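Written below as structure tokens is the structure these notes are about.
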There are 2 protein chains.
Amino acid sequence: MIDGTRLPVAELDERIEAILRGAGLNEVQAGALARVIGAGERDACKSHGLYRIDGVLRTVRAGKVRPDAIPEIEADDSSAIVRVNARGGFANPAFELALPHLAERARRLGLAALVINDCTHFSALWPEVEALTAQGLAGIAMCPSYASVAPAGGTRPLLGTNPLAFGWPRAEGDPYVFDFATSVAARGEIELRRRAGEPLPEGWAIDDAGEPTRDPAAALSGAMLPFGGHKGSAISTMIELLAGIMIGDLTSPEVLEELGSTTLAPMHGELILAFSPEAFARGRPGDPFARAEALFEAILGQGARLPSQRRYAARAVSMAQGVTLSSAEIAHLDRLLAEGMDAVA
Amino acid sequence: MIDGTRLPVAELDERIEAILRGAGLNEVQAGALARVIGAGERDACKSHGLYRIDGVLRTVRAGKVRPDAIPEIEADDSSAIVRVNARGGFANPAFELALPHLAERARRLGLAALVINDCTHFSALWPEVEALTAQGLAGIAMCPSYASVAPAGGTRPLLGTNPLAFGWPRAEGDPYVFDFATSVAARGEIELRRRAGEPLPEGWAIDDAGEPTRDPAAALSGAMLPFGGHKGSAISTMIELLAGIMIGDLTSPEVLEELGSTTLAPMHGELILAFSPEAFARGRPGDPFARAEALFEAILGQGARLPSQRRYAARAVSMAQGVTLSSAEIAHLDRLLAEGMDAVA
């Protein structure tokens with residue numbers, strides 16, 4: 001017997017939204033956040049699911065995010081850059097507001113960038129690139145986080161876990177989407193292991209003396225390591241440059257200095273590139289979408305997997321049967337709804 | 001005593017150009033190729049240095065590249081996409097021709113893409129992104145190669161070594177540039193080890209039965225592995241999608257099918273993104289170039305290195321003292337000049 005309650009996805013989203021509204025978030029903030037947190041839980045992506053509600057409330061309580069922010073599109077010119085200011089709120093409602101502008105610009109110019117400034121960011125990036133694929137566009141999304149990763153060859157936190165996501169639209173079925181931290185592991189994975197009392201795999205982190213460690217707590221007070229050695233470290237540095245410095249927003253070390261804590265959701269910017277495959281392929285032989293399918297088939301034909309396959313499988317189950325939550329999770333949701341901030345450590 | 005002859009960089013470039021002209025390449029092809037091959041040797045980047053001349057000549061001899069091609073800018077519209085057709089020649093003269101167009105477009109729109117179609121590509125990508133940084137622009141370059149890398153979890157070659165390069169301009173000194181294969185190692189590194197009779201490090205490759213191998217020859221007839229496991233594999237797949245399929249050019253498996261050999265330079269396309277940091281940072285606090293310097297200082301302050309540092313150090317020596325070549329290398333250059341194609345195995 002599984003200790004679990006099944007909730008339809010829509011009902012889960014409503015519960016999350018009610019909790020966030022109860023904690024003082026306005027409609028656009030609570031709605032957009034409930035959708036991404038609900039989507040994380042729906043896709044069995046626990047590190048970006050319900051677990052994140054507490055962090056959101058802590059960040060609101062600490063006064064580090066504006067729960068009543070209304071995002072705003074800035075200076076909508078004819079360039080390839082669409083800029084939206086989150087006005088101190090969360091990134092997600094800003095993205096929802098700007099998405100149609102970005103899609104229009106990418107279709108018209110072939111390529112466009114969305115800059116989100118002055119936002120607090122706590123969610124995965126796959127919702128962003130997946131939303132682009134739903135518009136028939138390919139997309140790349142990236143952002144800093146807070147200093148928690150040592151550069152390859154370094155000894156102290158400097159880079160963020162700096163996620164990189166990519167999406168490619170598919171006519172049938174789920175899009176090709178990847179989204180990963182440029183650290184070996186996501187901070188959430190280390191945090192979950194800390195809570196579960198489990199050791200880390202080798203190579204994930206160093207302690208505060210710069211020595212390798214498998215202790216999650218030592219890793220969280222030391223530094224995580226980039227994936228793929230100097231190559232992952234270079235990609236992470238590129239993300240600081242493009243999605244922090246270039247867009248005039250905070251880098252990961254600046255975020256940490258500003259927040260003074262790694263338990264609050266980080267504030268910074270985000271950079272999203274949108275590509276129109278139709279515009280790029282125009283006048284060239286072959287249909288890009290059909291050709292992409294042949295590539296995916298060749299990957300699957302070797303017994304290799306496409307990224308997000310597990311997430312989509314979980315999604316299919318959730319959509320058909322609802323999301324299964326443990327009684328402890330249900331109880332925590334009830335407490336969050338009844339007590340709001342007071343239910344958060 | 002070192003068995004070596006020092007050649008000034010300009011003289012080395014001239015010798016390479018004379019060899020290529022002698023082998024039938026026209027002025028734009030030979031000139032652009034000599035510059036990138038010379039730059040590789042100058043930067044002690046041996047796998048993209050003189051060693052590449054033989055491959056160029058083999059590819060010409062096999063009729064797989066047009067030595068007399070004149071690249072052409074196509075349909076120069078107002079979109080964010082600049083397209084240049086290499087017309088069956090090498091990528092490098094096409095890039096040189098298109099660079100001013102790309103730079104102008106990126107300055108005007110903030111962001112622009114250069115698509116190079118129908119080219120043969122054999123050089124590193126850092127010359128491209130470095131050229132963008134010299135224009136005050138940041139850049140990302142990527143291209144497929146030929147099927148030689150198994151996707152993570154796969155057993156056979158499918159992806160290319162699919163290089164990814166990035167550059168950020170610096171007011172003083174050399175730009176921040178990285179350029180690496182998304183395989184654990186570049187094919188050239190394995191080839192050099194094969195020639196030297198050295199075993200490969202663990203984790204670089206699988207043999208043709210899909211089992212791990214340290215034998216360079218077995219690796220070359222089996223498959224290389226992507227860097228960073230499934231993350232590197234995903235990035236490599238993204239490169240197939242964006243810089244192969246999306247731009248209407250060949251993917252790595254298609255290149256191999258077309259060429260029928262991994263000893264010839266691959267033909268495909270290339271995608272280069274150019275960003276204007278000034279346009280992106282406009283209206284935001286802080287100077288992006290000064291802020292980037294602070295980030296680089298923080299990296300160096302931990303004892304970590306910036307990518308390309310070794311290359312720049314070698315370049316400084318080469319510029320001051322000339323490039324040191326062994327007597328065998330000099331003899332081979334002499335043979336190439338005297339005998340042309342006949343000097344190539």
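The values are calculated or read from the model by the stated rules, or taken from the named source; none is laboratory data. Since we're looking at a predicted model, the values are computed, not measured. Cβ coordinates were reconstructed from backbone atoms using ideal geometry, including for glycine residues, and neighbour counts include every protein chain displayed. Calculation scope for accessible area: heavy atoms of the full protein, side chains included, ligands and nucleic acids excluded. Shrake-Rupley method; radii C 1.70, N 1.55, O 1.52, S 1.80 Å.
Hey, can you rank B:220-226, A:20-26 by average C-beta count inside 10 Å, highest first?
Details: B:220-226: 22.6, A:20-26: 20.1.
Descending packing order for the listed peptides: B:220-226, A:20-26.
State, as an integer percentage, the relative contact order of the range A:138-264 based on alpha-carbon contacts under 8 Å between residues 6 or more apart.
On the way: 268 pairs, mean separation 37.4, N = 127.
Taking the mean separation of contacting Cα pairs over the length of the range A:138-264, I get 29 percent.
Using only the alpha-carbon atoms of the range B:206-292 as identical scatterers, what base-10 log of I(q)/I(0) does the Debye formula give at q = 0.17, 0.19, 0.23, 0.26 Å⁻¹?
After summing over all Cα pairs, the log10 values are -0.89, -1.00, -1.18, -1.23.
Which of rounded, prolate, oblate describes chain A, given a ≥ b ≥ c as roots of the alpha-carbon gyration tensor eigenvalues and a/c under 1.5 marking rounded, otherwise prolate only if a/b is larger than b/c? If you can, show how the numbers build up before the last one.
Details: a/c = 1.26, a/b = 1.18, b/c = 1.06.
In terms of gyration-tensor shape, rounded.
Put a dot 7 Å past each Cα toward the Cβ at B:Asp207 and B:Lys46; how far apart are the dots in nm?
2.7
Applying the Karplus parametrisation 6.51 cos²θ - 1.76 cosθ + 1.60 with θ = phi - 60° to the phi angles of the range A:281-294, what ³J(HN,Hα) value in whole Hz is obtained for each residue in order, glycine and proline being reported as x?
Values, residue by residue: 8, 4, x, 9, x, x, 8, x, 6, 5, 5, 4, 4, 4 Hz.
In Å, what is the Rg of the alpha-carbon atoms in the range A:81-189, and how long is Dmax?
In order Rg, Dmax, the Cα atoms of the range A:81-189 give 15.0, 46 Å.
When the expected Rg is taken as 2.2 N^0.38 Å, what fraction or multiple of it is the alpha-carbon Rg of the range B:269-334?
Ratio of Rg to 2.2 N^0.38 Å for the range B:269-334: 1.79.
Taking R0 as 22 Å, what's the FRET efficiency between B:Ala62 and B:Arg335 from their Cβ-Cβ distance, rounded to 0.05? Don't skip to the answer; put the middle values down first.
Details: r = 20 Å, r/R0 = 0.90.
The value I calculate is 0.65.
Applying 1/(1 + (r/R0)^6) with R0 = 41 Å to the Cβ-Cβ distance of B:Glu198 and B:Tyr312, what FRET efficiency is obtained, to the nearest 0.05? Could you put the intermediate results ahead of the total?
On the way: r = 26 Å, r/R0 = 0.64.
Working from the Cβ atoms, E equals 0.95.
Provide a whole-number value for the mean count of partner chain Cβ atoms within 10 Å of the Cβ atoms in peptide B:170-179. Provide the component values of the computation, followed by the final result.
Values: counts 0, 0, 0, 0, 0, 0, 4, 1, 7, 1.
Other-chain Cβ atoms within 10 Å of each residue's Cβ, averaged: 1.
Non-local amide H neighbours of A:Tyr176 (under 5 Å, H modeled in plane, Pro and chain starts lacking H): which ones?
Result for A:Tyr176 returns A:Trp168, A:Arg170.
Counting only protein heavy atoms, what percent of the accessible surface of the range A:148-244 is carbon or sulfur at a 1.4 Å probe? Could you put the intermediate results ahead of the total?
Values: 1610 of 3360 Å².
Carbon and sulfur together cover 48 percent of it.
Let me confirm one metric for peptide A:127-135, namely the mean number of other chain beta-carbon atoms within 10 Å of its residues' beta-carbons.
Numbers: counts 0, 0, 0, 0, 0, 0, 0, 0, 0.
Partner Cβ neighbours, averaged per residue: 0.
Can you pull the semi-axes for the range A:195-345, root of five times each eigenvalue of the Cα gyration tensor, sorted largest first, whole Å? It would help to have the intermediate numbers written out before the result.
Values: eigenvalues 240, 147, 87 Å².
Working through the eigenvalues yields semi-axes of 35, 27, 21 Å.
Averaged over every viewing direction, what's the projected area of the C-alpha convex hull for the protein assembly as shown? Give it in nm², one decimal, please. Present the calculation step by step, with values, prior to reporting the outcome.
Values: hull surface 117.5 nm².
Projected over every direction and averaged, the Cα hull of the protein assembly as shown covers 29.4 nm².
Between A:Ser261 and A:Ala345, 0.36 nm times their residue separation minus their Cα-Cα distance comes to what?
Values: separation 84, 0.36 × 84 = 30.24 nm, distance 1.44 nm.
Gain on extension, A:Ser261 to A:Ala345, equals 28.8 nm.
How many partner chain Cβ atoms sit within 10 Å of a residue's Cβ in peptide A:151-158, on average, as a whole number? Don't skip to the end; give the middle numbers.
Details: counts 9, 4, 5, 8, 3, 5, 1, 6.
Neighbouring Cβ atoms belonging to other protein chains average 5 per residue here.
With a cut-off of 8 Å between alpha carbons and a minimum separation of six or more residues, what is the relative contact order of the range A:240-338 in percent?
For the range A:240-338, the relative contact order is 14 percent.
Could you grab the Rg to Rh ratio for the range B:115-177? Cα atoms only, Kirkwood for Rh.
Values: Rg = 14.6 Å, Rh = 13.2 Å.
Ratio of gyration radius to Kirkwood radius for the range B:115-177: 1.11.
Report, for A:Arg6, each distance to the same residue's label point in the other copies, shortest first and in nm; define the point 7 Å along Cα→Cβ.
Counterpart label points of A:Arg6 in the remaining copies fall at 7.9 nm.
Please state the Cα pair-distance histogram of the range A:145-229 with 10 angstrom bins from zero: what percent is in each bin?
Bin by bin from 0 Å, the calculated values are 19, 45, 21, 11, 3, 0.
Which value in nm describes the separation of the simple spin-label points at B:Ser326 and A:Arg282, placed 7 Å from the Cα toward the beta carbon?
5.3
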